[in-house]
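The next block holds one structure in the form of structure tokens; read it before the comments.
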Amino acid sequence: MVRLGEELTPAIERYNQAVAELEQVEEEISFNQRQIAVTKGNLGVTQAELSRRLEQSYRLGSPDLLTSLLAQTSLSEAYAVSDLFARAQSQSAGLVEGLRADRATLSRRQSALEDDQARGRQLRVERAAQRQLIEQGIAQQQSLVAGLEDEIADLIAEEQARQARLRDQAIAALAAQEGARADSAGQDEVAIGGSVDGGTSDTETTSEPIVLPPTDGSLGAQAVSVAMQYLGVPYVWGGASPGGFDCSGLTQYSYGKVGVGLTHFTGSQWNEGVRVPAEQLLPGDLVFFRADLGHMGMYIGGGQYINAPQTGDVVKISSMSNRDDYQGGVRPY
């Protein structure tokens, strides 16, 4: 079960990547379609004006500058006629140049639209392929546990209850920390017992305490507070809501609640902030695992992080010390 869950992780993040990229491509398609419509409108206006001028010139004939100048009775009138001719020629030249520019713009926009539409089709194929892999993996998991549904449901319920207790402890500890901070400005952390180790399906606790983030009002601490509310929520692949989270969905949702936008994909979040050395990690920093950045969580302090591990698990607190595939940290604010 654990191995299958870990093997599904890359496919889930590739699915998330395809979804995120497809969303961006569809926005670009919509933008290009709007710009094409505007450009076509401009072309129509310009062509109509040029047609009107050509028709007028055909019906009335083109005025002769020299004849018009000789017909004037004063130097000022001659200057005015000359200026009128110059402006008329400039306007006509501007219309022609505008027509040429609009046609070039239309060609570029149509080419970009075709490229985006082709990319969109490719991403839809990729998304469907990853969905199929994920669903096959989940079906394989379910076949392995056939007949053990009641026992597994009990284990999940126990883990959810334990994580709920941790959440209640966290809330109490944060409140106590606020009181302690009022008495001693130098106190930064309050520890409570009952951590979750870095495993993905076991329910044993360790003696290592949970160290909660300082309530310093930083965006990172605020994001951790949001994430901690969802301890025990089931893992759902592609999930980014209180109904269920995957790893990048949890961090995206938590930071979104404090006004920081992140993409629902580990590879994007890796580039959506400043790299942070391991010894300088602060609560709220994003921590990444696996060489392919296939898993991530949110650091909460004390060498621990909150994360949505894998299919069949729940949002939980895990220990950094139990991972040997740590890749780095990112501060997204």
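The values are calculated or read from the model by the stated rules, or taken from the named source; none is laboratory data. All figures in this text were calculated on a predicted structure; none of them were measured in a lab. Note that we place each Cβ from the backbone using ideal geometry, even for glycine, and neighbour counts take in every protein chain shown.
Any residue at all in region 213-228 that is in contact with a Leu (Cβ under 9 Å, 6 or more places away or on another chain) and farther than 24 Å from S321 by Cβ? Within region 213-228, one or more residues are in contact with a Leu (Cβ under 9 Å, 6 or more places away or on another chain) and farther than 24 Å from S321 by Cβ. Remark: pairs (first residue in region 235-247, outside the structural domain of R14 (by TED's automatic domain parsing); second residue surrounded by fewer than 17 Cβ atoms within 10 Å (Cβ to Cβ) and of a type outside the set (A, V, I, L, M); Cβ separation under 8 Å; 6+ apart in sequence or on different chains) = V236/G243.
Residue-wise test of (1) of a type in the set (D, E); (2) surrounded by 14 or more Cβ atoms within 10 Å (Cβ to Cβ); (3) assigned by TED's automatic domain parsing to the domain that holds V236.
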site: L99; (1), (2), (3): no, yes, no
site: D102; (1), (2), (3): yes, yes, no
site: R109; (1), (2), (3): no, yes, no
site: E114; (1), (2), (3): yes, no, no
site: E135; (1), (2), (3): yes, no, no
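The residues listed here are Q89, Q35; of these, the one that is at pLDDT 65 or above, of a type outside the set (S, T, Y) and either over 30 Å from L155 (Cα atoms) or assigned to a helix (DSSP H, G or I) (or both) is Q35.
Filter region 231-249 for residues that are within 17 Å of R14 (Cβ to Cβ) and part of a loop (DSSP other than H, G, I, E, B) and give the result. Hits for region 231-249 are V236, W237, G238, G239, D246. Among residues belonging to region 233-251 that are over 13 Å from I306 (Cα atoms) and surrounded by 17 or more Cβ atoms within 10 Å (Cβ to Cβ), point out the one that is nearest to the chain's Cα centre (by Cα). Filtering region 233-251 for residues that are over 13 Å from I306 (Cα atoms) and surrounded by 17 or more Cβ atoms within 10 Å (Cβ to Cβ), the one nearest to the chain's Cα centre (by Cα) comes out as A240.
Every test in (1) modelled with pLDDT of 95 or more; (2) touching a strand residue (DSSP E or B) at 6+ places or on another chain (Cβ under 8 Å) is passed by Y255 save one, and that test is (2).
A quick yes/no check of all residues on (1) in a helix (DSSP H, G or I); (2) modelled with pLDDT of 75 or more; (3) not aromatic (F, W, Y):
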residue: K40; (1), (2), (3): yes, yes, yes
residue: Q47; (1), (2), (3): yes, yes, yes
residue: Q72; (1), (2), (3): no, no, yes
residue: E77; (1), (2), (3): yes, no, yes
residue: A93; (1), (2), (3): yes, no, yes
residue: D102; (1), (2), (3): yes, yes, yes
residue: E114; (1), (2), (3): yes, yes, yes
residue: Q130; (1), (2), (3): yes, yes, yes
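Just one of the numbered conditions (1) under 30 Å from D168 (Cβ atoms); (2) hydrophobic (A, V, I, L, M, F, W, C); (3) crowded, with 22+ Cβ neighbours inside 10 Å is not true of V258: (3). Restricting attention to region 272-322, the residues that are closer than 23 Å to I134 by Cβ and surrounded by fewer than 18 Cβ atoms within 10 Å (Cβ to Cβ) add up to 3.
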